[in-house]
Amino acid sequence: VPSLLGHGEGVTRLNTPTRLPSPLGGERAVSVSAGDAHSLALTAGGSVLSWGDGLFGRLGHGDGQNQLLPKKVEAFAGQRVVAVSAGGAHSLSLTADGAV
């Protein structure tokens, strides 16, 4: 999947760590997690962004669409997420009130 790196279409390999373009809306990523075909970022403000293969809805956007760049997961609007984990074909998030 050419979107796994989060650098947009056509970027399939990087030899050195490379800063992502900033679609984080000025927020700072404090944690990241990589699954088999998708990635998650948690921001200092408690927002979650996801990108990569959207199969089975694992990105949390309510569809199965792939995302070439990090996209905010709107399902967490009004909640503060404190941890994220990306697995083989799933994603988990823990909110400040203990909901998974």
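The values are calculated or read from the model by the stated rules, or taken from the named source; none is laboratory data. On a predicted model such as this, the values are computed, not experimentally measured, just so you know. As a convention, Cβ positions derive from the backbone with ideal geometry for all residues, glycine included, and neighbour counts pool all protein chains shown. Calculation scope for accessible area: heavy atoms of the full protein, side chains included, ligands and nucleic acids excluded. Shrake-Rupley method; radii C 1.70, N 1.55, O 1.52, S 1.80 Å.
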Among L42, L69, L92, the single one that is surrounded by fewer than 18 Cβ atoms within 10 Å (Cβ to Cβ) and either in a helix (DSSP H, G or I) or at pLDDT 95 or above (or both) is L92
Going by the structure shown, is P2 open to solvent by 30 Å² or more (accessible area, probe 1.4 Å), modelled with pLDDT under 95 and touching a Ser or Thr at 6+ places or on another chain (Cβ under 6 Å)?
yes
A99 meets each of (1) farther than 18 Å from V11 by Cβ; (2) surrounded by 12 or more Cβ atoms within 10 Å (Cβ to Cβ) with one exception, condition (2)
Note on segment 46-65: residues surrounded by fewer than 18 Cβ atoms within 10 Å (Cβ to Cβ), touching a residue at least 24 places away in the same chain (Cβ under 8 Å) and part of a loop (DSSP other than H, G, I, E, B) are G46
